[in-house]
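Bear in mind that the values in this text are calculations on the coordinates, not laboratory data. Just so you know, these numbers come straight off a predicted model, no measurement behind them. Methodologically, a virtual Cβ is constructed for each residue, glycine included, from the backbone with ideal geometry; neighbour enumeration extends over all protein chains shown.
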Amino acid sequence: MSEQQHQNFETLAIHAGQPADAQTGAVVTPIYQVSTYKQDGVGGLRGGYEYSRSANPTRTALEENLAALEGGRRGLAFASGLAAEDCLLRTVLKPGDHVVIPNDAYGGTFRLFAKVVERWGVRWSVADTSDPAAVRAALRPETRMIWVETPSNPLLGITDIAALADIARGADARLVVDNTFASPYLQQPLALGADVVVHSTTKYMGGHSDVVGGALVAAEAGLGEELAYHQNAMGAVAGPFDAWLVMRGIKTLAVRMDRHSDNAARVAELLSLHPKVTQVFYPGLPEHAGHDIAAKQMKRFGGMVSFRVAGGEEAAVEVCNRARLFTLGESLGGVESLIEHPGRMTHASVAGSALEVPADLVRLSVGIESVDDLLEDLRQALGA
Ligand SMILES: *Cc1c(COP(=O)(O)O)cnc(C)c1O
């Protein structure tokens, strides 16, 4: 590890946690598709492995890589982003605790708080986390966690991570940042004072729409140890092949994120000039409310763009249906471009709540195809 500390992101993405295989020299960490390990006498473990829920060498490689990329002390890989979130919540919260959650977030995160964790006595309230004063006002004596998603899903809201880290510290609460939209290449929340980073590795980390996974990275070893204990005790771990796919994706994360950012900037520009578009949500646009903070805490502005369509819900659904190169589908962060209607698709579960999204909203995950082809498809989908 010490020799890796001075290395840059692109190098760590390819090498951290993945020395050549000691026995064969294989330059890629093998898929250790195995559940149990031979012991050399009772308790004589080779390399600490005894059972693959507790630890598996392929998963270990990914977990060390994740910790290096986010600059944390401990990385943990899970079967999905929500499994990672569930493990975090059940590790650090207890009945009576209160959590501040954002008014714009992944629908499944909201559902986990509102429909699952609440039944176990954890209280939550919603705040506009892009406004530090609103977060301060939402604090209660029992607040133990502030949850942030930045850029947020699907409205691309920006939260000042350093400002919220100060608020959390003053309140004896932990700051959790869902870094799925940015990825550690574009944004490193732990360096800005966050305690834990959450990922759906299904998205940009995997990057090829071929795996579902999640991750936690803890800034401190103590919390990392507690999370690892619960990961094993609760059991929603990433399997070896899934861990391998995420690791393979991460090797190209930096080049993909640069191209996603290039293409999304061009898409946002086209949309902001289009007569059928009433509003564009992209933190790279100077008129975006969070632009200055995004410019301060992100390297680039990422690949997600949302926009509102003149003519309301039906017109927005029509644009989604007319798109050809942009594939109509949920999820995001893969090399291929996707289009969706959050109100009826990814965010259907927040309808009627404080997190409800505009009915005329369309969300794009801008891929790394030729940007000219992407712009052409959007022009035809929006109509003349
Ligand atoms: C997809 C997503 C999640 C949930 O991750 P899964 O891998 O689908 O369980 C959490 N947060 C954000 C921002 C997401 O986009």
When only C-alpha pairs under 8 Å and at least 6 residues apart count, what is the relative contact order of the chain, in percent? 17
Would you list the P(r) distribution for the stretch 254-382, with all Cα-Cα distances sorted into 5 Å bins from 0 and each bin expressed as a whole %? 2, 12, 21, 24, 21, 14, 5, 1
Would you please give the residues with an amide H less than 5 Å from that of Arg174, counting only those at least 5 places away or on a separate chain, with H modeled from the backbone geometry? Met145, Ile146
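Please sort by residue number the trypsin sites (Lys or Arg not before Pro) in the stretch 9-107 whose DSSP state is loop and whose Cβ has at most 11 other Cβ atoms within 10 Å.
Details: sites: Lys38, Arg46, Arg53, Arg59, Arg73, Arg74, Arg90; in loops: Lys38, Arg46, Arg53, Arg73.
Answer in residue order: Lys38, Arg46.
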Listed highest first by mean packing, meaning other Cβ atoms within 10 Å per residue, what order do 355-363, 289-297 come in? 355-363, 289-297
On each of the three principal axes the extent of the alpha-carbon atoms of the chain, given in whole Å and largest first, is 74, 51, 35
Sorted by average packing, counted as other Cβ atoms within 10 angstrom per residue and highest first, what order do 308-318, 152-162 take? 152-162, 308-318
Tell me, what is the FRET efficiency for Lys94 and Arg46 to the nearest 0.05, using R0 = 22 angstrom and their Cβ-Cβ distance as r? 0.05
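Loop-only chymotrypsin sites (Phe, Trp or Tyr not before Pro) in the stretch 277-350, please: DSSP not H, G, I, E or B, and at most 15 other Cβ atoms within 10 Å. Don't skip to the answer; put the middle values down first.
Numbers: sites: Phe281, Phe301, Phe307, Phe326; in loops: Phe301, Phe326.
Taking the stretch 277-350 and a limit of 15 other Cβ atoms within 10 Å, no loop chymotrypsin sites (Phe, Trp or Tyr not before Pro) are found.
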What is the packing order of peptides 205-215, 226-236, 249-259, taking the mean over residues of other C-beta atoms within 10 Å and listing the highest first? 205-215, 249-259, 226-236
Given the options Gly72, Val135, Pro358, identify the residue whose Cα lies farthest towards the positive end of the charge dipole of the chain (+1 on Cβ of Lys, Arg; -1 on Cβ of Asp, Glu). Gly72
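Report the FRET efficiency, 1/(1 + (r/R0)^6), for Glu269 and Gln7, where r is their Cβ-Cβ distance and R0 is 41 Å, rounded to 0.05. Intermediate values should be presented prior to the final figure.
Values: r = 35 Å, r/R0 = 0.85.
Once rounded, the FRET efficiency stands at 0.70.
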Taking a label point 7 Å from the Cα of Ser353 along the Cα→Cβ vector, which residues of the stretch 72-115 have an amide N closer than 11 Å to it? 101-115
Using the Cα centre as the reference, give the magnitude of the dipole from point charges on the C-beta atoms of the stretch 254-382 (Lys, Arg: +1; Asp, Glu: -1; all else neutral), rounded to the nearest 20 debye. 260
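So what is the relative contact order of the stretch 264-384, in percent, for Cα pairs below 8 Å that sit 6 or more residues apart? Write out the running numbers ahead of the final one.
Numbers: 210 pairs, mean separation 32.7, N = 121.
Computed value for the stretch 264-384: 27 percent relative contact order.
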Using the charge dipole of the stretch 4-250 (Lys, Arg: +1 at Cβ; Asp, Glu: -1 at Cβ; taken about the Cα centre), state which of Ala194, Gly222, Pro151 has its Cα farthest towards the positive end. Gly222
Rounded to the nearest 500, what is the chain's calculated 222 nm mean residue ellipticity when only DSSP H runs of at least 4 contribute -39500 (n - 2.57) each, over all residues? -10500 deg cm²/dmol
